[in-house]
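The values are calculated or read from the model by the stated rules, or taken from the named source; none is laboratory data. Only a predicted model underlies this, so the values are computations on that prediction, with no experimental measurement involved. Here Cβ is always computed from backbone atoms with ideal geometry, including for glycine, and neighbour counts include all displayed protein chains.
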Amino acid sequence: MEKLFRILFSCLLLVYSTGQAVELSIQKKSILVNGKEASVYTLEQPDGTWGVRAKKGEDFNVLLKNSINIPTSIHWHGLILPNSQDGVAFITQYPIYPGLSYAYRFPLKQSGTFWMHSHYGFQEQNLLSAPLIIYDPEDASLSDQEVILLLADFSFQSPEVIYQNLRCKKNKGSMDHQQMMSSSDLFDVNYDAFLINYRTAENPEVVKVESGKRVRLRVINGSSATNFFISLGDLKGKVIAVDGNRIKPFEGSLFELATAQRIDIVVEIPRNGNFFPILAQGEGTDKQAGAILASSESAQPPKLQGKVDKKTGAFTNLMEKKLQALYPLKRRPVEKRVEIILGGNMSEYVWTLNGQSWPEVTPIVVENGQRVEMIFKNVTSMSHPMHLHGHVFQVTEIDGVALDGAMRDTILVPPNSTIAVQFDADNPGVWPLHCHILYHLEGGMFTVLRYKDYIQPL
Ligand SMILES: [Cu+2]
């Protein structure tokens, strides 16, 4: 009898833990940019929820359906997950073909602001991305409300044409090349508009907030190729996390956010004033996106401009040098040191890691259990946001200065700069390591970190 009860009980437990998968569908979406309609992509649940919200400790349990007419794959950016769930087409899984679904399930070890995006073809350029927020009940006291702001860069030109033009432009000859290099090392593509949550500055999202309350801005740079300066205007902010990882609070009102990075900023809504614009201006450009926090419903929100008078300067790593992890890596000797030269042949728009261009690359091999240091040396005139899948690393050295820097999954390496990061190799698999400027990635700046003796599933 007791045995029967025990069997019944474990059956009940099994049913409970199986849970209901979140249905997430890859769809087309129509948006309005500069008065013109455009067709882009999105990831939505049946009730219209954009992306996924989940809880730390629970399972990420998603049934992903491809409802568009081309193959795709979706990567869960920043998550520490089993290699088979990483969602990169032809590395850890085959693409999901039109009409088919793919089930993802793994325990969520982290909490914070993450995102998801296509890792197939030029789809991410067509805005195939969405927020992925993981809550920890312990974080509830940090703010009274949250606002998710996903940044994007938009062009009416197709990414295929943009890429062809980049290759041709660089080929036009040394004179043009010189001119181009001096004027636009800060960005590759002249976008028609920058967006926050699919909207331009002229047609911004207006979010209701309350005077005296603390709002946690979860800002995600989901752009293809743009670094953004995030301006809080009159508000003062306290950064509490970058790339989903807590840092020691860092105050300011203007922050740098490289492609694919995230920043969580807590702002207190003042009692005087009704509207508080949050602006994101593209590095080296005079264009911006915006959203408005509104503590008044009666007044008319101010007009925001998509184009401003002054272009921004270049990113520096001054902010990065000041960030300190709240939960740093435990100190231990480095057992594997890997130098990675970020290079490129500008005349052909070919980008390289240690002189190699994907897919003709020699994987970086690490052993399970090793403390690994990766030293990125950028010898090009452009900056590169380098992203490692399946791991979180700590920034430990910038241009020869040691630091107890932020824990991240994406680090911007400025021109002529050397940045070292460390992590523990504790997640066996074959993991992409690449520049997140999508046209640099397409131009070859992609390799894999492979665990010794790991058998690649594909
Ligand atoms: Cu790059």
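The table for this structure:
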read-out	value
Strands (runs of 3 or more DSSP E) contained entirely in the range 49-148, each with at least 1 residues that are crowded, with 21+ Cβ neighbours inside 10 Å and at positive phi	112-118
Met386 closer than 24 Å to Asn83 by Cβ, in contact (Cβ under 8 Å) with a residue 40 or more places away in the chain and not assigned by TED's automatic domain parsing to the domain that holds Val242	yes
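Table: residues versus (1) farther than 15 Å from His440 by Cα; (2) in contact with a Gly (Cβ under 6 Å, 6 or more places away or on another chain); (3) among the polar types (S, T, N, Q).
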{"residue": "Leu353", "(1), (2), (3)": "no, no, no"}
{"residue": "Ser357", "(1), (2), (3)": "no, yes, yes"}
{"residue": "Pro363", "(1), (2), (3)": "yes, no, no"}
{"residue": "Asn368", "(1), (2), (3)": "yes, no, yes"}
{"residue": "Glu373", "(1), (2), (3)": "yes, no, no"}
{"residue": "Phe376", "(1), (2), (3)": "yes, no, no"}
{"residue": "His387", "(1), (2), (3)": "no, no, no"}
{"residue": "Val392", "(1), (2), (3)": "yes, no, no"}
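For (1) more than 22 Å from Met386 (Cβ to Cβ); (2) among the polar types (S, T, N, Q), each residue gets a yes or a no:
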| position | (1), (2) |
| --- | --- |
| Gln27 | yes, yes |
| Ser39 | yes, yes |
| Glu44 | yes, no |
| Glu58 | yes, no |
| Gly78 | no, no |
| Ser84 | yes, yes |
| Ser101 | yes, yes |
| Arg105 | yes, no |
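The rows are residues; the columns are (1) modelled with pLDDT of 95 or more; (2) part of a strand (DSSP E or B).
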{"residue": "Leu235", "(1), (2)": "yes, no"}
{"residue": "Glu251", "(1), (2)": "yes, yes"}
{"residue": "Gly284", "(1), (2)": "yes, no"}
{"residue": "Pro301", "(1), (2)": "no, no"}
{"residue": "Gln305", "(1), (2)": "yes, no"}
